[in-house]
Amino acid sequence: MENPKFEDIKKSVQHIIDCIAVKNAQEALLTLADVSDELDELLDYSDEDDDLIEISKYQVLLNQLQQKIVSFNDSSSQIN
């Protein structure tokens, strides 16, 4: 069963992916920062192993998405 604590985070991560798909790096980075803050807050108040594992998974995913956005920005700045 899905953990309701992470439903908004899941939707926000999908929004980041959608922004990357349409090459909206600025919106993707803003949303990524918001989600990262939410995860940090959850991490501060979570003590259940399942929650900590889920937070960790999202943090890894956000790092990968951030690298994708940065590489996208680097390649688009070289074109200009």
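The values are calculated or read from the model by the stated rules, or taken from the named source; none is laboratory data. Here the structure is a predicted model, which is why all the values come from computation and not from measurement. Backbone-built Cβ (ideal geometry, glycine too); neighbour counts: all protein chains shown. The area values use the complete protein model at the heavy-atom level, side chains included, leaving out ligands, DNA and RNA. Shrake-Rupley method; radii C 1.70, N 1.55, O 1.52, S 1.80 Å.
Below, the figures for the structure above:
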read-out: Dipole of the chain, positive direction: furthest Cα of Leu52, Gln66, Val35, with charges on the beta-carbon; value: Gln66
read-out: Radius of gyration, Dmax [the range 35-78; alpha carbons; angstrom]; value: 13.8, 45
read-out: Area of Lys11 that stays accessible when all protein chains are in place (1.4 Å probe, Å², to 10); value: 140
read-out: Nearest-ten-degree value, helix 7-21 long axis tilted from longest Cα axis of the chain; value: 10
read-out: Spin-label pair Asp74/Lys11, simplified geometry with 7 Å Cα→Cβ offset, distance in nm; value: 3.4
read-out: Debye, to nearest 20: dipole size of the range 6-80, +1 on Lys, Arg Cβ, -1 on Asp, Glu Cβ; value: 800
read-out: Tilt relative to the chain, helix 25-45 - C-alpha long axis, 0 to 90 degrees, to 10; value: 20
read-out: Residue range of the chain that is longest and free of GluC sites (Glu not before Pro) which are both DSSP loop and sparsely packed (at most 13 other C-beta within 10 Å); value: 3-47
read-out: Volume of the Cα convex hull of the chain, divided per residue and given in Å³; value: 79
read-out: Cα long-axis angle, helix 49-79 against the chain (0 to 90 degrees, to the nearest 10); value: 10
